[in-house]
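The values are calculated or read from the model by the stated rules, or taken from the named source; none is laboratory data. This one's a predicted model, so the numbers in the text were calculated from it and none came from an experiment. All Cβ positions, even for glycine, are placed from backbone atoms using ideal geometry, and neighbour counts span all protein chains on display. Surface areas here come from the heavy atoms of the whole protein model, side chains and all, with no ligands, DNA or RNA. Shrake-Rupley method; radii C 1.70, N 1.55, O 1.52, S 1.80 Å.
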Amino acid sequence: MKQQSKFSSQEQQQAAVEQHGIVESVKDFSTVEELLRFDAGQTSVPRTVEQRLAKSAAEITSPNRSWWKKLFGR
Amino acid sequence: MESLVNQSVAERREEQDAPVALAPAEFATLYTEHSRAIYYLALRFLGDPQKAEDATHDVFLKAFRKLEQFRGDASCRTWLYRIAINHCRNLLQTWHGRHVFSNADEAVWETAVAKTDSPLRVLETKELGQRIQKTLDALPDEYRLLLLLVADEELSYEEIAALTEQSPDAVRGKLHRARKAFAAMFEKNA
């Protein structure tokens with residue numbers, strides 16, 4: 001009698017990956033949206049955006065802006 | 001940029017007599033609440049982390065400059081998405097090297113073979129983002145944008161329709177084809 005594998009294909013895939021020294025997990029996404037939401041959740045905004053924005057916003061609101069900056073927005 | 005208020009912008013606006021313009025002091029909260037969504041849209045729509053970073057900066061700076069014009073008749077996120085979409089579309093138009101799909105190209109995706117009812121099984125790796133990007137890059141801009149917008153649970157079909165200037169029914173129809181095209185390309189990129 002043919003012995004049935006006690007591991008599912010997912011578990012076998014996982015084991016194969018771990019044998020190669022890479023610890024990963026298999027995930028199923030029922031929809032494209034779900035996959036993209038997961039991807040978005042893994043994505044973080046670089047801190048430099050916040051820093052650059054704070055600097056740019058300060059330049060706009062600064063009362064001590066020189067006349068050429070006010071005129072030409074530089 | 002430090003968060004200036006703990007209460008969310010949405011909560012504060014509900015307490016006030018809407019519509020009102022956002023006060024500049026609320027801008028930090030606006031950034032905290034929506035920057036990830038805007039950055040993600042820019043990243044996956046433009047397909048370049050550095051350009052996405054620049055775009056996110058530019059979108060929020062535009063929003064900052066236009067704070068007084070924000071009348072509160074749309075949600076903050078929709079308002080920011082509108083600025084982001086216009087900004088990203090302008091950038092894409094100026095990149096002459098990029099292949100732009102025409103409506104005629106939609107026919108290509110009509111014939112895409114994909115089992116949209118079966119799950120998308122993936123190994124959770126650093127390469128997943130690259131695979132998603134590669135898949136999105138292969139799709140027409142319109143499909144890419146619709147998929148990214150519908151993935152945001154805060155947006156309704158009506159809001160997506162308004163943002164993309166078409167009817168909700170048209171959005172639903174195109175999304176069906178976009179999902180199919182994505183699944184086919186995603187499988188191909190495995």
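Quick look at the values:
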read-out: Per-residue mean of C-beta atoms belonging to partner chains within 10 Å, peptide B:39-51; value: 2
read-out: Spin-label pair B:R89/A:Q42, simplified geometry with 7 Å Cα→Cβ offset, distance in nm; value: 3.0 nm
read-out: Average partner coverage of A:40-47, which counts Cβ from other chains inside 10 Å; value: 6
read-out: Protein-only accessible surface order, largest first, of B:D48, A:D39, B:D169 at 1.4 Å; value: B:D169, B:D48, A:D39
read-out: Potential extension, B:E153-B:K62 segment - 0.36 nm per residue separation minus Cα distance; value: 30.3 nm
